[in-house]
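To start, the structure itself, in C-alpha cells.
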Amino acid sequence: MKVLITGARGQVGTALTAACTEVGIQHLGLGHRELDITDGAAVQAVLARERPDFVINAAAFSDVAVAQGEANLCYAINRDGAANLAQACEAVGAGLLYLSSDYVFDGLQARPYTEKDKPNPRNVYGNSKLEGEEAVREYCSRHLVLRTSWVFSAEGNNFFMRSLERAMSGQPVKGVNDQISCPTWAGHLAIVCVAMLQQVHCNIEPNLWGTYHYSDRGATTRYEFARTIVAQAVQAGLASETQVQAIESADLQNRAEEARQSVLSSDHLFFTFGIRQRGWRQGLKSALEAVRQGQRAA
Ligand SMILES: NC(=O)C1=CN([C@@H]2O[C@H](COP(=O)(O)OP(=O)(O)OC[C@H]3O[C@@H](n4cnc5c(N)ncnc54)[C@H](OP(=O)(O)O)[C@@H]3O)[C@@H](O)[C@H]2O)C=CC1
Ligand SMILES: Cc1cn([C@H]2C[C@H](O)[C@@H](COP(=O)(O)OP(=O)(O)O[C@H]3O[C@@H](C)C(=O)[C@@H](O)[C@H]3O)O2)c(=O)[nH]c1=O
C-alpha cells in the first residue's frame, strides 16, 4: 500500500512519516512547498502521477486565534484544499483520511461528543474544519474523517512546547482551568491513522469508511495538563520546579477564548476497528524523550 501525506512537515505530518517508516509502509510526504493543497491543478497532477492508495491530509491552517482575522486563508486551506484533495482522490480511486477537530463542536455539552452529535462550531477554524469534512464526504466516496483534540509533540508550536519552554527558562506557566478535553500525542494519533488504513486496505470489513473520533485517554483541563508537563519535565531533568498558575479563559485578553468541554468519545473507533485509546501521560513521556534527544543532537 502506498500513502501520500500532505502537510508532511507539520507536527502530525512529521509523526505520520515516522509511523509509516516504522511499520515499513511505502509513503511520500509532501510539505507545503512541495504541494500546496489550495492549488487544485497541482493536487490533481500529483495524485495522477503518484497513484497512492491513500492520502492523509495533515495540511491545515491550524492557528485557532489567528484564523479569526484570516478567515479567507483559513477556508481556502481547510475547506477548499480538502475539496481539491477529495476530488483528486475520487478521480484516481484513492481513499482520503481527513483530520478534523473537536472545534467542530460548540463545547457546551456535559458528556463526551460522539459521531452522532450535531456539530455547531463557534469560531472560524472550527467552521472551516466542518466545511472541510462536508467537502470530503461530498466529493470522495472512500473517505475517513478522524476528529481529534489538543495534539502535542516535540515538533512545532503547541501548548506542550510553549509550556515546556517557559518551565525550562524558569518562567511561570499558566493554564486555563475552564477548558476541558483530551490531550493527544501526535505519535499515538499517527499510529491510529496507520492502523485504520491498514485495516481498510485489508478489506476485513467491506465498509469501514465514515467519521470517527480519536483522542488519547484522560479528560483534563489545560491547567492540569500544564502541571503534568512541568512535573514530568522536572522528573526527566529537563526543567526545575516552576510555578503553574490556574487562570480562566476570560483572563486571556489577546484572543476570543471561552470555557468549553470538548471531550471526544473514541468508542465508535474501538467498536469498529478494535483500536484502543492510549494515555496522554504516556505520550507526554515520549514527547519529553524526543525533546531530550533533540537537545543531545544539537
Ligand atoms: N494541533 C491540534 O491540536 C489539532 C490538530 N488537528 C488537525 O490535525 C491536522 C494536523 O495539524 P497539526 O499537525 O497540528 O498542524 P500544523 O500546523 O503543525 O501542520 C500543518 C501543516 O500544514 C502545512 N500547510 C499549511 N497550508 C498548507 C497548504 N496550503 N498546502 C499544504 N500544506 C499546508 C503547514 O505548512 P507551513 O507551516 O509551511 O504553512 C504545516 O506544516 C490538521 O488538519 C488539524 O486541523 C485536529 C485537532 C487538534
Ligand atoms: C496563552 C495561554 C493559553 N492557554 C490555553 C488557552 C488556549 O485555548 C490554548 C492555546 O494553546 P494552543 O494554541 O495549543 O491551543 P489551540 O490552538 O486552541 O489548540 C487547538 O488547536 C486546534 C488546531 C485544534 O483543533 C484543537 O483541538 C486544539 O488543540 O491554551 C493557556 O492555558 N495558558 C496560556 O498562558
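This table checks each residue for (1) modelled with pLDDT under 95; (2) within 16 Å of ligand 2 (Cβ to nearest atom); (3) closer than 19 Å to Gly187 by Cβ.
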| site | (1), (2), (3) |
| --- | --- |
| Gly7 | no, yes, yes |
| Thr14 | no, yes, yes |
| Cys20 | no, no, yes |
| His27 | no, no, yes |
| Thr38 | no, no, no |
| Val46 | no, no, no |
| Arg49 | no, no, no |
| Ser62 | no, yes, yes |
| Ala71 | no, yes, no |
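Restricting to segment 257-285, and then to whatever is charged (D, E, K, R) and more than 16 Å from ligand 2 (Cβ to nearest atom), can you tell me which residue is nearest to the chain's Cα centre (by Cα)?
First, pick out the residues of segment 257-285 that are charged (D, E, K, R): 257-258, 260, 267, 276, 278, 281, 285.
Filter once more, keeping what is more than 16 Å from ligand 2 (Cβ to nearest atom): 267, 276, 278, 281, 285.
Values: Asp267: 18, Arg276: 17, Arg278: 15, Arg281: 17, Lys285: 18 Å.
The qualifying residue nearest to the chain's Cα centre (by Cα) is Arg278.
Let's see how each residue does on (1) hydrophobic (A, V, I, L, M, F, W, C); (2) away from ligand 1 (no atom under 16 Å from the Cβ):
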| residue | (1), (2) |
| --- | --- |
| Asn207 | no, yes |
| Tyr212 | no, no |
| Ser215 | no, no |
| Ala219 | yes, no |
| Thr228 | no, yes |
| Gln235 | no, yes |
| Ala239 | yes, yes |
| Gln243 | no, yes |
| Ile247 | yes, yes |
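Take the residues in segment 178-204 that are touching a residue at least 40 places away in the same chain (Cβ under 8 Å) and part of a loop (DSSP other than H, G, I, E, B), then tell me which one is nearest to Ser249 (Cα to Cα). Lay out the reasoning, then the answer.
Taking segment 178-204 first, the residues touching a residue at least 40 places away in the same chain (Cβ under 8 Å) are 178-201.
Right, trim to part of a loop (DSSP other than H, G, I, E, B) and you get 178, 182-183.
Details: Asp178: 7, Cys182: 17, Pro183: 17 Å.
My answer is Asp178.
Can you spot a residue in segment 81-90 that is under 19 Å from Trp280 (Cβ atoms) and within 14 Å of ligand 1 (Cβ to nearest atom)? Don't jump to the end; show me each part of the working.
Applying the first criterion (under 19 Å from Trp280 (Cβ atoms)) to segment 81-90 yields none.
For segment 81-90, residues under 19 Å from Trp280 (Cβ atoms) and within 14 Å of ligand 1 (Cβ to nearest atom): absent.
Please verify whether Tyr223 is more than 16 Å from ligand 1 (Cβ to nearest atom) and not in a loop (DSSP other than H, G, I, E, B), treating the condition exactly as stated.
On the way: more than 16 Å from ligand 1 (Cβ to nearest atom): yes; not in a loop (DSSP other than H, G, I, E, B): yes.
Criteria met by Tyr223.
Within segment 161-191, count every residue that is within 10 Å of ligand 1 (Cβ to nearest atom) and either farther than 25 Å from Asp53 by Cβ or β-branched (Val, Ile, Thr) (or both).
Selection size over segment 161-191: 3.
If a residue has to be within 14 Å of the chain's Cα centre (by Cα), within 24 Å of Asp117 (Cβ to Cβ) and not small (Gly, Ala, Ser) to count, how many in segment 173-216 make the cut?
Here the count works out to 11.
Would you mention how many residues in segment 101-136 are in contact (Cβ under 8 Å) with a residue 60 or more places away in the chain and either closer than 24 Å to His201 by Cβ or part of a strand (DSSP E or B) (or both)?
Going through segment 101-136 one residue at a time, the tally reaches 3.
Quick one: which helices (runs of 4 or more DSSP H) sit completely within segment 1-93 and have at least 1 residues that are under 20 Å from Val192 (Cβ atoms)? Can you show your working first?
Values: elements: 11-23, 40-50, 64-67, 71-75, 82-92.
Ranges flagged: 11-23, 82-92.
The values are calculated or read from the model by the stated rules, or taken from the named source; none is laboratory data. From a predicted model like this one, the values you see are computed outputs, not experimental measurements. A quick note on method: Cβ atoms are made from the backbone with ideal geometry, for glycine too, and the neighbour counts reach across all protein chains shown.
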